[in-house]
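What follows is a single structure, written as structure tokens, with notes after it.
Quick note: the coordinates plus some simple rules give every number you see, no bench work behind them. Just so we're clear, the structure is a prediction, and the values are computed from it rather than from any experiment. Note that we place each Cβ from the backbone using ideal geometry, even for glycine, and neighbour counts take in every protein chain shown.
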Amino acid sequence: GAVVSQHPSWVICKSGTSVKIECRSLDFQATTMFWYRQFPKQSLMLMATSNEGSKATYEQGVEKDKFLINHASLTLSTLTVTSAHPEDSSFYICSANREGANEQFFGPGTRLTVL
Amino acid sequence: AQKVTQAQTEISVVEKEDVTLDCVYETRDTTYYLFWYKQPPSGELVFLIRRNSFDEQNEISGRYSWNFQKSTSSFNFTITASQVVDSAVYFCALDTTSGTYKYIFGTGTRLKVLA
């Protein structure tokens, strides 16, 4: 158990468009989900913590208006990159916390390329 | 301050050699969890181990072993008889049980196992 999926697995878009990435916990309810960004050959950097039914908590330096996070249900969180630019090209990874489990369960990641 | 340091950026070994990946952490919390993840070229994080701060026993799982030493704040990972399939980036992570389950990742160590 504890499977997390992401959709799409990769996406290419034009500069100025918006892209939505979905993160789903398939076999458990996730009260908290996390969004990370990973640039090539770098570590995972936490962008925001998403709690079901409430506003996301963003890490310092992450633009709330650019990276919109919605956690509408206990199994789904979405990250929308608005007005994407080439510098937003990155690998985006979500994770989910299952109640009672002292660990996060990671999705397979979404590779975003902005042309 | 909480921090995870993986001083080894990249390591190359020849197949069948043993290799140790270092991880040093900083935290003021007395209760915390430490993790190791493997990230192959596909990008998906593979969970390897979780260790809580009260359990200092070393652990062995097949060719993998972990040495946790609170006295030196280290949680090192050894691969015995390395194989080409072990080539990946390995991340050490710290989670303090402050209720947020937020991970702090090290910068990762890229391991190349040469045939």
query: B:Gln69 to B:Thr9: FRET efficiency via 1/(1 + (r/R0)^6), r the Cβ-Cβ distance, R0 22 Å, to the nearest 0.05?
result: 0.50
- prompt: Taking the stretch B:1-100, which trypsin sites (Lys or Arg not before Pro) meet the DSSP loop condition and have no more than 12 other C-beta atoms within 10 Å?
  reply: B:Lys16, B:Arg28
Under the Karplus curve 6.51 cos²θ - 1.76 cosθ + 1.60, θ = phi - 60°, whole-Hz ³J(HN,Hα) for the stretch B:17-25, x wherever Gly or Pro sits: 6, 8, 9, 10, 9, 8, 9, 10, 10
query: With charges only on Cβ, +1 for K and R and -1 for D and E, what is the dipole size of chain B about its Cα centre, in debye, rounded to 20?
result: 180
field: Ascending count of other beta-carbon atoms within 10 Å, so fewest first, for A:Glu103, B:Glu15
entry: B:Glu15, A:Glu103
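Please compute the contact order of chain A in relative form: average sequence separation of alpha-carbon pairs under 8 Å and at least six residues apart, divided by the residue count, as a percent.
37
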- line: Expected unfolding gain across A:Lys41-A:Asp65 under the 0.36 nm per residue rule, minus the alpha-carbon gap, is 6.0 nm
task: Quote the relative contact order of chain B in percent (integer), defining contacts as alpha-carbon pairs under 8 Å separated by 6+ residues.
output: 38
- line: For the stretch B:38-45, in residue order, the Karplus 3J(HN,Hα) values (coefficients 6.51, -1.76, 1.60; θ = phi - 60°; whole Hz; Gly and Pro = x) are 10, 10, x, x, 5, x, 6, 6
- prompt: Among rounded, prolate and oblate, which fits the stretch B:1-94 when a ≥ b ≥ c are the square roots of the eigenvalues of its C-alpha gyration tensor, a/c under 1.5 means rounded, and a/b larger than b/c means prolate?
  reply: prolate
query: Roughly how big is the stretch B:26-93's charge dipole about its Cα centre, with Cβ charges of +1 (Lys, Arg) and -1 (Asp, Glu), in debye to the nearest 20?
result: 20
